[in-house]
Amino acid sequence: MAAAVLGAVRKHLSEFSTAARELGVPFAVPHLDGPPTPLQFYRDWVGPNRPCIIRNALQHWPALGKWTFPYLRAAAGGTEVSVAVTPDGYADAVRGDRFVMPAERRLPLGAVIDVLEGRARHPGVLYVQKQCSNLCQELPELLPDVEPHVPWASEALGKMPDAVNFWLGEEAAVTSLHKDHYENLYCVISGEKHFVLLPPSDRPFIPYELYTPATYHMSEDGSFKMMDEEAMEKVPWIPLDPLAPDLVQYPLYQQAQPLHCTVKAGEMLYLPALWFHHVRQSHGCIAVNFWYDMEYDLKYSYYQLLDSLSTATDLARMDLLSSVDGSL
Ligand SMILES: O=C(O)CCC(=O)C(=O)O
């Protein structure tokens, strides 16, 4: 009886994802030729929780023409920034049986640029990616070159961004698959960002596991050691790499339908709250993004229910699948 109920719940979760996709998830991320009005933004994209790439929304930002490496070096080369350093480019990601956070270094922005240009060497892979509004907190010299918020988005959402982040890193720096509770306006200033996106409705097919947290420590000789964070609680994270999914271990991921898109210099991605994303970049890509806290409304509550049911039925785990009726 219990097994039948469990099977039925799993079946409904799978059908839910298909139905949600048919109702509103596009096959590809659409492009807009210009910024929407606040009403259009809310009605067509935020309300339906649908991503889009907006062209010609940044051309009035001085940063777009100005932010070359020589300019950044002249404007803020001596300013210290937090830099995530990892042996393999993966910060905040599952490595083996740990959830590993990067070593954090304070380096002058000019020193990071030297490494990016190949004029200097530094062990590991560097990524300026501190998500604490690092553009405002650490690089105030650059603020006059961008807008402090996205006016049509702030009006639509009725608030100002919680964070304005600056991203600059090596090609090897990758952000592992995760989701955030932010409406994210992600602006590429130079280079390209490659996103893999999955709608929140695909949650039943996306595996989560609980991991012991650890942090990379860098020794004098440039080698890395992983050290457990014993005082921290276990971290739920996604072990799956959407670029090389392990379908033997996570066969239900076959039912997920990831969208791939590239955001080019001068373009802005609207990445809706709760969408899963995995991010890669061209070498030395420069980006700025705005995080607006999402509305904790009924949509959020429905997602929490989906998340709880997915966890409770442990839908994505192979070892339990063998005990399921196979109807998925
Ligand atoms: O650009 C990246 O590497 C990651 C961006 C991201 O995860 C975010 O904006 O939430």
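The values are calculated or read from the model by the stated rules, or taken from the named source; none is laboratory data. Computed from a predicted model, the values in this text were never measured in an experiment. As a convention, Cβ positions derive from the backbone with ideal geometry for all residues, glycine included, and neighbour counts pool all protein chains shown. Ligands, DNA and RNA are excluded from the accessible area calculation, which covers all protein heavy atoms including side chains. Shrake-Rupley method; radii C 1.70, N 1.55, O 1.52, S 1.80 Å.
Structure notes:
- Rolled with a 1.4 Å probe across the full set of protein chains, the surface gives Thr311 an accessible area near 80 Å².
- With all protein chains modelled, accessible area of Arg105 [1.4 Å, Å²]: 90 Å²
- Glu141/Ala4 FRET efficiency (R0 51 Å; Cβ-Cβ; nearest 0.05): 0.20
- Comparing mean-square fluctuations of Gly284, Gly222, Gly124 from a GNM of the chain with C-alpha springs under 10 Å, the top value falls on Gly222.
- Protein-only accessible surface at a 1.4 angstrom probe places the residues Arg119, Arg10, Arg43, Arg55 in the order Arg119, Arg43, Arg55, Arg10, largest first.
- Fluctuation leader among Leu39, Leu177, Leu197 - the chain, Gaussian network, Cα springs under 10 angstrom: Leu39
- For the chain, share of DSSP beta bridges that run antiparallel, in % to the nearest 5: 90 percent
- Once the GluC sites (Glu not before Pro) in DSSP loops with at most 10 neighbouring Cβ atoms within 10 Å are cut out of the chain, the longest remaining piece is 1-219.
- Most mobile listed residue (Leu32, Leu240, Leu109) in the chain, GNM with C-alpha springs under 10 Å: Leu32
- Gain upon complete extension [Ser219, Ala74; 0.36 nm per residue less C-alpha separation]: 49.1 nm
- The chain: relative contact order in percent, alpha carbon pairs under 8 Å with at least 6 residues between: 25 percent
- Accessible area per residue for the chain, computed on protein heavy atoms with a 1.4 Å probe, is 45 Å².
- Carbon and sulfur %, accessible surface of the chain computed with the full protein complex present, 1.4 Å: 55 percent
- Shape parameters for the chain, alpha-carbon atoms, Rg then Dmax in Å: 20.7, 70
- Considering all C-alpha pairs of segment 15-99, those separated by over 15 Å amount to 77%.
- Multiplying the residue separation of Ser282 and Lys66 by 0.36 nm and removing their Cα-Cα distance gives an extension gain of 75.9 nm.
- For Tyr211, the residues whose modelled amide H falls within less than 5 Å of its own, excluding neighbours fewer than 5 places apart on the same chain, are Val235, Trp237.
- Accessible surface comparison of Ser82, Ser282, probe 1.4 Å, protein chains only, largest first: the order is Ser282, Ser82.
- The simple Förster model, with R0 at 41 Å and r as the Cβ-Cβ distance, assigns Ala231 and Leu23 a FRET efficiency of 0.40.
- Computed per residue of the chain from DSSP H runs no shorter than four, each worth -39500 (n - 2.57), the mean residue ellipticity at 222 nm is -6500 deg cm²/dmol.
- In the assembled protein chains, Trp167 presents an accessible area of approximately 20 Å² (probe radius 1.4 Å).
- The mean sequence separation of alpha-carbon pairs under 8 Å and at least six residues apart, normalised by the residue count of segment 178-285, gives a relative contact order of 55 percent.
- Pairwise FRET efficiency - Arg119 versus Phe16, Cβ, R0 = 51 Å, nearest 0.05: 0.45
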